[in-house]
1. Mind listing whichever residues of the range 92-106 are in contact (Cβ under 8 Å) with a residue 60 or more places away in the chain, within 25 Å of the chain's Cα centre (by Cα) and either surrounded by fewer than 24 Cβ atoms within 10 Å (Cβ to Cβ) or not in a helix (DSSP H, G or I) (or both)?
2. Do you know which of the residues in the range 408-425 that are in contact with a helix residue (DSSP H, G or I) (Cβ under 9 Å, 6 or more places away or on another chain) and modelled with pLDDT of 95 or more is nearest to residue 382 (Cα to Cα)?
3. For residue 352, are the conditions met, namely being touching a helix residue (DSSP H, G or I) at 6+ places or on another chain (Cβ under 8 Å) and exposed (fewer than 15 other Cβ atoms within 10 Å of the Cβ)?
4. Please go through the range 454-477 and give me each residue that is touching a strand residue (DSSP E or B) at 6+ places or on another chain (Cβ under 7 Å) and surrounded by fewer than 24 Cβ atoms within 10 Å (Cβ to Cβ), ordered by number.
5. Give the residue, chosen from 301, 367, that is more than 30 Å from residue 118 (Cβ to Cβ) and surrounded by 17 or more Cβ atoms within 10 Å (Cβ to Cβ).
6. For the range 333-343, which residues satisfy the criterion of being crowded, with 24+ Cβ neighbours inside 10 Å and in a helix (DSSP H, G or I)?
7. What do you reckon, is residue 446 assigned by TED's automatic domain parsing to the domain that holds residue 176, assigned to a strand (DSSP E or B) and under 25 Å from residue 84 (Cβ atoms)?
8. Tally time: how many residues in the range 430-455 are in contact (Cβ under 8 Å) with a residue 12 or more places away in the chain and farther than 20 Å from residue 477 by Cα?
């Protein structure tokens, strides 16, 4: 069980398992209004003797000293921007162990926004996924984590709980093995969460998908015994004057289909539904925060498996709305399910539409493991990048030039699902493919292929496994749109 609350008490007097304090650029314990000056000076002397550093995320652990804490965790604050504070809090939280007990966050903040970032970083940095650990059964009853955020307002803490909760829930979905998370179970999870938070949830079962012509979802999912679903999750508060549509790629496991991936390439493919997970929990976060903006999430769910019923290279399929696509590579499946979802979402005439997908390996080649690509309508693209910058998610604007269309034009159908690029511009040709299904809508495509799942060691508030990429950016975007 985890709780997080603000506190206005003296930091030196709070009895706790760990007191987290900042270290400034000079290597001194950072001043905090709730930390007595003599205690700060004493801790700074100890920190200096241990060569504690103000380098961002650097952690030094001391005995409690002149405080009531069992131990003091000092963390470098870097330049102490909101992003640095979030990162530092995550680093410090990870050093408190898997069962941290009562932890006081005494990192200095100058605003509600900064206080929220600190709380958010601590919650995300301490995230663990133990659902499948046999020795973790019943642990929720055996221990608790109680976070106290010094100097924060109730509003700042509540905002952090909403955001960190949405990211953690997204991580949980992505980390769940595909044996248990498949299109049907994902749809049931969305229905359950939606009912709790007053969202309207509609599920298209396989027969309805066939009756209404969702050819992309059906083609990708027909190789699996666990058939595809389309899920619509809508938060529609009374009086909302804007509507945002979010469309998420939800391939619950991607073998590549008949165009089979090598075994190593499949090891992280439970994460190929990261876009739908992010979309679902962004909509739910908007509901939990009661944002005065209508948000509709579309989850395009399928399992891409090779079998006697799977789609084949050279098949021609008809996407919802009528466009035909020649399938040259069944491992370029995400764009097929997204095409269905985009056309259906745009039928409702939202003000803007944003799709989120682990779409191409080319994203990682172009931008690396931590930076997502942003393509589409220029003004909306700039809005998304600005929102990402505000919450320190790495996103970079990428161009969709007209000549790219030639790469996805087919001789036997309207389009083909892979580009003639010789391996170049794969992320952009995929974006151009999607652009053919949005018409005049104001639209942006986020390719989060590599940032969605972290295979290396922990850093800041990022832990190994699912990251929850794009959730914080999307929530920031919705907050700004809602005013």
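1. 96, 100, 105
2. Ranking the qualifying residues of the range 408-425, first place goes to 408.
3. So residue 352 fails the test.
4. Of everything in the range 454-477, those that are touching a strand residue (DSSP E or B) at 6+ places or on another chain (Cβ under 7 Å) and surrounded by fewer than 24 Cβ atoms within 10 Å (Cβ to Cβ) turn out to be 454, 462, 464, 465.
5. 301
6. Hits for the range 333-343 are 334, 335, 336, 337, 338, 339, 340, 341, 342.
7. Criteria met by residue 446.
8. Total meeting the criteria: 15.
The values are calculated or read from the model by the stated rules, or taken from the named source; none is laboratory data. Everything numeric in this text was worked out from a predicted model, so none of it was measured. For neighbour counting, all protein chains shown are included, and Cβ atoms are generated from backbone atoms with ideal geometry for every residue, glycine included.
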